[in-house]
Amino acid sequence: MRLEDAKIVEHEIMGDPQLGMMRLVFKTEIAKEAHPGQFVQLKVSSGLDPLLRRPISIAGVDTDKNEITLLYRLKGKGTKVLAQAKPGDELNLLGPLGQGFTIPQSGTLYLVAGGIGAFPLLPLAQKALEQGVKVCLFWGGENQRFLESAGMHLWEDLGITIEVSTMDGSMGIQGTVLDLLRNHELTESGQVAVCGPMMMMASVNEFFKETDFEVEASLEERMGCGVGACLGCVCTLQDEQGKLRRGKVCKDGPVFKAKEVVWNATV
Amino acid sequence: MRLEDAKIVEHEIMGDPQLGMMRLVFKTEIAKEAHPGQFVQLKVSSGLDPLLRRPISIAGVDTDKNEITLLYRLKGKGTKVLAQAKPGDELNLLGPLGQGFTIPQSGTLYLVAGGIGAFPLLPLAQKALEQGVKVCLFWGGENQRFLESAGMHLWEDLGITIEVSTMDGSMGIQGTVLDLLRNHELTESGQVAVCGPMMMMASVNEFFKETDFEVEASLEERMGCGVGACLGCVCTLQDEQGKLRRGKVCKDGPVFKAKEVVWNATV
Amino acid sequence: MKTINTEVKLGPLALRNPVITASGTYGFGEEYAPLCPVERLGGITLKGITPEPRMGNPVPRLAETPAGLLNSVGLENPGLDEFIASYLPKVRELPTAAIANISGFSVEDYTHMARALQKESGLAAIEVNISCPNVKHGGMHFGTDPASAEQVIAAVKAETDLPVIAKLSPNVTSIVAMAQAVARGGADIISLINTLLGMSIDIEKQRPVLANTMGGLSGPAVRPVAVRMVWEVSQAVEIPIIGMGGILTWQDAVEFLLAGASAVSIGTGNFVDPQAPLSVLEGIEEYCQRHGVSNVSELTGLAWKGNI
Amino acid sequence: MKTINTEVKLGPLALRNPVITASGTYGFGEEYAPLCPVERLGGITLKGITPEPRMGNPVPRLAETPAGLLNSVGLENPGLDEFIASYLPKVRELPTAAIANISGFSVEDYTHMARALQKESGLAAIEVNISCPNVKHGGMHFGTDPASAEQVIAAVKAETDLPVIAKLSPNVTSIVAMAQAVARGGADIISLINTLLGMSIDIEKQRPVLANTMGGLSGPAVRPVAVRMVWEVSQAVEIPIIGMGGILTWQDAVEFLLAGASAVSIGTGNFVDPQAPLSVLEGIEEYCQRHGVSNVSELTGLAWKGNI
Ligand SMILES: Cc1cc2nc3c(=O)[nH]c(=O)nc-3n(C[C@H](O)[C@H](O)[C@H](O)COP(=O)(O)OP(=O)(O)OC[C@H]3O[C@@H](n4cnc5c(N)ncnc54)[C@H](O)[C@@H]3O)c2cc1C
Ligand SMILES: Cc1cc2nc3c(=O)[nH]c(=O)nc-3n(C[C@H](O)[C@H](O)[C@H](O)COP(=O)(O)OP(=O)(O)OC[C@H]3O[C@@H](n4cnc5c(N)ncnc54)[C@H](O)[C@@H]3O)c2cc1C
Ligand SMILES: Cc1cc2nc3c(=O)[nH]c(=O)nc-3n(C[C@H](O)[C@H](O)[C@H](O)COP(=O)(O)O)c2cc1C
Ligand SMILES: Cc1cc2nc3c(=O)[nH]c(=O)nc-3n(C[C@H](O)[C@H](O)[C@H](O)COP(=O)(O)O)c2cc1C
Ligand code: FES
Ligand code: FES
C-alpha cells in the first residue's frame, strides 16, 4: 500500500463523449504491487471540494513501464473534477487497496460483467491469460454505443471469447447478461468472476448456485478511508451456518465469494 | 455592473517569481463601464473551495479591445488557486464595482502608493494623462526587486514623474513614502490619490491635513457580497461635526475622501 | 412542456414562487437588483432592524471558512424610524413580497417594532429574529429558551396584522422544542436556520479573526445541519417552514423542499453567485417537469411523506 | 534549529506529542500503520466499543457534504469481550498511547466496560463517548443533559484507575454547561467535539442518503463550531482539552491549540490525507520554531490568554 503523488501519462475520452467514459493512465510504483480486482483511492483535487477520495478499480497494469490504467465513467462532482486533469498533472493516489480476485491456474475463467462492471475484470483476464487459462467474457450493456465506449476494443485486443447482450439488441443478443448465460452451456469447469449492479450480481450468484463453479463478486460501497479504519463501506456476509457478519468492502473486499454475500441485506 | 464568464487573454508572472506578482488580462464587457479605482469580484474556482469571490482592483482598461488588466499578489488560498488559471479559461467576474477616484480636470495629480497599493492607481494615471493633467507618482516599496516586480515598467511606459523610496535604499531614497513626500515641495495645486496600508494612508492624510489638497484614499476590507448588501466590509467615516457613520468599502468606496475616514476606528 | 405552478402558500403568506432571499444578505432589496430581476423572486427578506440605529461591530466582520462564512455584522441598521422614513417607501415599490426582519434585546423592543409594521405598510410579513441575547433577562437568549421564544412571538403576534415568521437559531439542543414553542406562541411560519455560532483564529496574529471574536457560520458547510432541522421540525409542527442554510444551487433548494420546507431562502449563496435565486427557481421548475409534478408545493416533505 | 519539546501533559495523561487520531476513524490502530508510522503519533483513540457486539447501521453509512462527511456507522464493534480477547493484545503492543473509547445505553453499560479496562490492560486512558441515547431513561441523551453526563462520568471514574476523558457532543445549547458537568463528575480531560447531527437527501430518490436517515457531520466544515467550543470550554473549566473537528493541516491544529486545546485529534482528515498526523506534527514544530516557543504546551490558549 502506497501513498503517492502520481503523474498522469494519458487521459482521454473513450468513444462517444456523451457517455462520459474516460481512460486515465498514471505512472506509479503502485503498478508493482497491484493485483487484479484491487483499486485505488484517488484525490481528484488538491483542495477541499470534493473532500473525499474516490475509489476507482485498477483496470490495467504495465509493470515494465510502471503504469496503471483506470477506466471511469463521469458520474457526479468528483469525476467531473477528475476529468479536468491533464497529462503532466500529479494527483495523489492511495493503493493498491483491498483483496482482489483469485487468479485461476487451470480450467476456464468466466467473466460476467454488467455495464462498467467490466473495468475491474480486465486485469484479471490479462493475468489469467498469462497463466495459460482460457478466458470467456459475458458482457451486458445498454447498447452497442455503450459497449464500444466502455472499452470493447480493449477486450478484443485480448483475443478471448466475448459474448454480449444489449437491452436494445444493437449488439449481441437482446436481453440481459443473465439471458446470455442461460443461452450458453458452461460445460467446462472453472471459475467465475462477476462485477456489475448488485441485483445483477445477485442473479448471477443464483444462476451458479447449484453448480460447482466458485463465483467471486466485486462489490461497491461508499467509502471513507479505503483501508478498513472507518467502517463506512460494509457489506453483509453469511457463513455456512447462516451466521451474519460484516465485511469491509475496502479491506476484506471488494472481491468476495458470491455465495457468502447477503445480497438483499436490510440490516 | 455585470456578471460575466470572462475569458483570460493573458496571465503571467511579473518579475521575480518569488514575489508572486501576477498580471491577468480578461476579455470582458466590463471594460466599457470601468472607472479608475473600481474593482471586480472574481470567482477564482467554479467549486466551493474557496467559497467567496476575491476583490481585485482594475489596474488597466483597454476599451478598444474590451480588455481589463488585473495585477495581484499571491497571498493565500484564493490567489493561489487563481494563479493556476490559464489563458483560454473562463472565470466569473462581477464588476465594475464601487466608487472610483475623481478624475482631475486640471492641475497636477499626485499619486501616493505604498507597496501593491500602486495597482489601482494605474488607470487613474492613464485617465488623468488623457485629460491633459500632469501626473506625479510617489511610490514606496520594500526594495528595488519589489518595485520592479510590482509593475515599475508599466509606470515608466506612462512617461510621468516617478519618485520612489525603498526600505533598504536599493532604489530611490531610503525610507518610506512619507519621507519621499517630505523631501518634495508640492507647490503646484492639485489632487492627491493614495493607496496602501491603512497606517501609511493615515499618515498621508495627516501630511496633507493643513493643505488645500483634496486627498482621496482607496481602502480595503474583507468582502462578502461586493455590492453593499451584506455590511461585511464597512469602514468608519466622520462628518465635519465629528458625527460617526459607516461606509461600505464595496459600494460607497473603495475610494473615500481621506479626511472623512476615521483611520484608527475601534468601534 | 407544461407550465409549473410555482405559487406557494405559507399559511397567510402567498408567494409567487418559493425562492426568497435571506435577511442580512440582500440589503434592503436594491443592491442586487441590477443582477437578479426582483420580479422573479418569491420574496426578499430585508436586513434586520432594531428600534434604535446601530453601528454594528468593528471590522473584520467576515471570515471565510471551508465551504462557509463567519459573520459578525452585529445588526448594523438604520433603526426603525429611519427604516420607515427612508427605506420603506422604496421597499414597498419592489415588485415582490418584502419581509421585514426584526431583532431586539427585550420583548418591548419587538412589540415596539411590530406595532409600527402593519399590512398597510406594504410589507408581506414580519420575520422575528430571536437569536439575540435578552439583555433584560441577564443575556439569556430568546432563541435558545422555549418559554422566552413563545412569549416574544405571542407578543409580536398581538401587535401586528402581518403574518409572523419565527426565525429559529440552530444553536440549541432541541430545535423541535423551539419550534413547538413558537407554534404555541402563534407563529404563522417558521424559518430556519439562522447561523451556527463559530469562530476562527488567525494563527499568525494569535487572536480571533473577527474583531467580535465569535460570529455566525453560514454557507454550504452548514447545509446538512439545516436540512436535518427542517426535516425534524416539519414533522413536529403543523405550520409551514422557510428552509435556509447553505443553498447555492437548485439541487440544494430541492433538498430543503423534500425535507419539509414550503419555501427556501438564499443567503450566503448570493455572494457566490448573485444569480443563484434565478437558477434555483429555474432548476426547481425543471425538476418538477422531470418528475411530473405540477405544483412546486407538492414537493414539500416528499422525502418523509414517502417513508411513512 | 533548537529542538522543540513536543510532550504534553493532560492531567494524568502524558503524551509524547499532541497529535492523536480520533475514535472511529482509525480502527484499532493497525489499518493506517503502513502509511503513517504509529510511533510518531501522540496517541490513537480506538474505535468505540459497547458491552455487546453490534452490527451497526445498514449502508449507505456515509455521505459527502460540502467540506464535510456525514456518517452513521452506528457503533459497529466486536463488543467488550472480543475487544479484550482479540484486539487488546495487539493494541497494547502499539508504540503509542492507546485510548479506548466506550459507548453505552445505560450507566451500567459504561461501568461494566470501565471495570474491565484498567491501567494493567496497557491502555493509556478511557474516552467516554456520551453521545448515545440513554435507553433506560426514555432515550434522553447522556450527551445533552448535564446531570446525566455528570452521573455517567462519576460512575466510570469510580470503576477504573485509568485517566477518564469525557467526549462532548456539540449538539447542545450550552457546551460550557456540559463541560462543567463532566468536570464535576471528575473527568480528567475533556475531548470535543463529536459530530454535529445532520442529514442529506438524495433528490432523485427523494429519500435520505443515509440508510439511517441522520448522521454525524465531521470534517473541515464543522471546524469553526469546534474551535468556538474549545475556546469557550477552555476558559470555563480547569481540566485540559483534546480539540478536534475538521483538522486536516497543521494550521488547523494550531488554531485549536491557540483556542485552548492541549492536544488535537484528527478524524476525517485521515481519510483525505493518511499522512495528515505526520504533517500536522511537523507543522506544529516548525510553527514553534518560528515563534520562538520551546514547548508545544505553551501554545495552549494563547489566543485568549493574550487578550486578558
Ligand atoms: C471498489 C470500487 C471500485 C470502483 N471502480 C470504479 C471504476 O473502475 N470505474 C468507475 O467509473 N467507477 C468505479 N467505482 C465507482 C466510483 O467510485 C464512483 O463512480 C465515484 O466515486 C463517483 O464519484 P462522483 O463524485 O463523480 O459522484 P457522486 O455521486 O457525486 O459522489 C458522491 C459520493 O458518493 C460516492 N459514490 C458515488 N457513487 C459511488 C459508487 N458507485 N461506489 C462507491 N462510492 C460512490 C462518491 O465516492 C462520493 O463520496 C468504484 C467504486 C468502488 C467502491
Ligand atoms: C477593493 C479591493 C481591491 C483590491 N485590489 C487588489 C489588487 O488589485 N491586487 C491585489 O493583489 N490585491 C488586491 N486586494 C486584496 C485582495 O483582495 C486579497 O489579497 C485577496 O482577497 C487575498 O485572497 P487569498 O485567498 O489569496 O488570501 P487569504 O488571506 O487566504 O484570504 C482569506 C479571506 O480574506 C480576504 N482577504 C485577505 N486579504 C484581504 C485584503 N487585503 N483585502 C480584502 N480581503 C482580503 C479574502 O478575500 C478571503 O475572503 C484588494 C482588496 C480590496 C478590498
Ligand atoms: C452577512 C450576514 C448577515 C446576516 N444578517 C442577518 C440578520 O440581520 N437577521 C437575520 O435574521 N439573519 C441574518 N443572517 C442569517 C441569514 O439570514 C441566514 O439565516 C443564514 O445566513 C443561513 O443561510 P445561508 O447559509 O444561505 O447564508 C445573516 C447572514 C449573513 C451571512
Ligand atoms: C466514520 C466515523 C466514525 C466515528 N466513530 C466514533 C466513535 O465510535 N466514537 C466516538 O466517540 N466518536 C466517533 N466519531 C467522531 C470522531 O471521533 C470525531 O469526534 C469527529 O469526527 C470530529 O472530528 P473530525 O472532523 O476530525 O472527523 C466518528 C467519526 C467518523 C467520521
Ligand atoms: S472505507 Fe473505511 S472501512 Fe472501508
Ligand atoms: S461586501 Fe457586502 S456590503 Fe460590502
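Just the number please: accessible area per residue for the protein assembly as shown, 1.4 Å probe, all protein chains included, in Å².
Numbers: 42550 Å² over 1150 residues.
With the other protein chains kept in place, the protein assembly as shown gives 37 Å² per residue.
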Rounded to the nearest 0.05, what FRET efficiency is calculated for D:Asn295 and B:Glu188 with R0 set to 60 Å and r the Cβ-Cβ distance? 0.50
Keeping all protein chains in position, work out how much accessible area A:Ile103 exposes to a 1.4 Å probe, and write it in Å² to the nearest 10. 30 Å²
Please give the residues of the stretch B:1-37, grouped as numeric ranges, whose backbone N is less than 16 Å from a label point set 7 Å along the Cα-to-Cβ vector of B:His153. B:10-25
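Do any trypsin sites (Lys or Arg not before Pro) in the stretch A:171-246 lie in a loop, going by DSSP, with at most 16 other beta-carbon atoms within 10 Å of their beta carbon, and if so which?
Numbers: sites: A:Arg182, A:Lys209, A:Arg222, A:Lys243, A:Arg245, A:Arg246; in loops: A:Lys209, A:Arg222, A:Lys243.
Passing both the DSSP loop test and the Cβ count: A:Lys209, A:Lys243.
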Which one of B:Ala6, D:Ala187, A:Val255 is farthest out on the positive end of the charge dipole of the protein assembly as shown, using unit charges on Cβ (Lys, Arg +1; Asp, Glu -1) and the Cα centre as origin? D:Ala187
With every protein chain kept in the model, how would you rank B:His35, B:His11 by accessible area, 1.4 Å probe, largest at the top? B:His35, B:His11
Please calculate the 1.4 Å probe accessible area of B:Trp263, with all protein chains present, and give it to the nearest 10 Å². 30 Å²
Along the stretch B:216-233, what does the Karplus equation 6.51 cos²θ - 1.76 cosθ + 1.60 (θ = phi - 60°) give for ³J(HN,Hα), rounded to whole Hz, x for Gly and Pro? 10, 10, 9, 9, 10, 7, 4, 10, x, 7, x, 10, x, 9, 10, 6, x, 10
Out of the total accessible area of the stretch B:219-266 (probe 1.4 Å, heavy atoms of protein only), what percent is carbon and sulfur? 42 percent
Quick check: Cα centre of the stretch C:269-308 to Cα centre of the stretch A:162-218, how many Å? 40 Å
Give me the dipole magnitude in Debye, nearest 20, for the stretch B:219-266 about the Cα centre, with unit charges on the beta carbon: positive for Lys and Arg, negative for Asp and Glu. 100 debye
Selected from C:Met113, C:Met55, C:Met244 as most flexible by GNM, with chain C as the system and alpha-carbon contacts under 10 Å: C:Met55
Excluding ligands, DNA and RNA, what is the accessible area buried between chains B and A, summed over both sides, using a 1.4 Å probe, to the nearest 100 Å²? 300 Å²
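D plus C alone minus the pair: what accessible area, both sides summed, probe 1.4 Å, in Å² to 100?
Numbers: alone 12950 and 12920 Å², together 22360 Å².
Roughly 3500 Å².
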Provide a list, ordered by number, of residues in the stretch D:51-75 showing at least 50 Å² less accessible area with every protein chain present than when their chain is taken on its own, using a 1.4 Å probe. D:Met55, D:Val59, D:Leu62, D:Glu64, D:Pro66, D:Ala67
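Counting only Cα atoms, I'd like the Rg/Rh figure for the stretch D:1-139, Kirkwood definition for Rh. Don't jump to the answer; show the numbers that get you there.
Working: Rg = 16.2 Å, Rh = 16.3 Å.
Radius of gyration over Kirkwood radius for the stretch D:1-139 works out to 1.00.
Got a number for carbon plus sulfur as a percent of the stretch C:8-305's accessible area, 1.4 Å probe? Before the final figure, lay out each step's value.
Details: 4390 of 8940 Å².
Of the solvent-accessible surface of the stretch C:8-305, carbon and sulfur hold 49 percent.
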Given the options D:Ala177, D:Ala33, D:Ala97, which has the most mean-square fluctuation in a GNM of chain D, springs set between C-alpha atoms less than 10 angstrom apart? D:Ala33
With every atom except the alpha carbons ignored, what do you get for Rg and Dmax of the stretch A:101-215, in angstroms? 13.0, 37
Hits among lysines - C-alpha to C-alpha of D:Lys205 under 26 Å, sequence gap 8 or more where chains match: A:Lys75, A:Lys77, A:Lys80, A:Lys248, C:Lys2, C:Lys9, C:Lys305
Out of the stretch C:233-308, which GluC sites (Glu not before Pro) are coil in DSSP terms and have no more than 13 other C-beta atoms within 10 Å? C:Glu238
Using alpha-carbon positions, the gyration tensor of the stretch C:164-308 gives root eigenvalues a ≥ b ≥ c; with a/c under 1.5 called rounded, otherwise prolate if a/b exceeds b/c, else oblate, the class is oblate
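Assign one of three labels to the protein assembly as shown, namely rounded, prolate or oblate, based on the Cα gyration tensor with a ≥ b ≥ c the square roots of its eigenvalues; rounded applies when a/c is under 1.5, prolate when it is not and a/b is larger than b/c, and oblate otherwise. Please list the in-between numbers first.
On the way: a/c = 1.56, a/b = 1.38, b/c = 1.13.
It comes out prolate by the Cα gyration axes.
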Mean shadow area (nm²) of the C-alpha convex hull around chain B is 14.0 nm²
Which value, in Å² and to the nearest 10, is the accessible area of A:Ser45 when all protein chains are kept and the probe is 1.4 Å? 20 Å²
Nearby lysines by direct alpha-carbon distance to B:Lys65 (threshold 20 angstrom, same-chain neighbours under 8 apart not counted): B:Lys7, B:Lys27, B:Lys32, B:Lys86, B:Lys127
Which of rounded, prolate or oblate describes chain C when judged by the alpha-carbon gyration tensor and an a/c cut-off of 1.5? rounded
Using r as the Cβ-Cβ distance of C:Glu238 and A:Val262, and R0 as 51 Å, what FRET efficiency do you calculate, to the nearest 0.05? 0.80
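Between chains D and A, what is the buried accessible area summed over both chains (1.4 Å probe, protein heavy atoms, nearest 100 Å²)? Mind showing how you got there, number by number?
On the way: alone 12950 and 12820 Å², together 23190 Å².
What D and A bury together is about 2600 Å².
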The stretch A:60-198, accessible surface, carbon-and-sulfur percent (1.4 angstrom probe): 46 percent
What residues of the stretch D:159-177 lose no less than 40 Å² of accessible area with every protein chain in place versus their chain by itself (probe 1.4 Å, heavy atoms only)? D:Thr173
List the residues of the stretch D:31-45 that lose 20 Å² or more of accessible area once all protein chains are present, compared with their chain alone (1.4 Å probe, heavy atoms only, no ligands or nucleic acids). D:Glu31, D:Tyr32, D:Pro34, D:Leu35
Nearby aspartates and glutamates by direct alpha-carbon distance to D:Lys119 (threshold 12 angstrom, same-chain neighbours under 8 apart not counted): D:Glu159, D:Asp161
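The values are calculated or read from the model by the stated rules, or taken from the named source; none is laboratory data. Since the model is a prediction, treat every value here as computed from it, not as a measurement. Virtual Cβ from ideal backbone geometry, glycine too; neighbours counted across all protein chains shown. Keep in mind that these areas ignore ligands, DNA and RNA; they rest on the heavy atoms of the full protein, side chains included. Shrake-Rupley method; radii C 1.70, N 1.55, O 1.52, S 1.80 Å.
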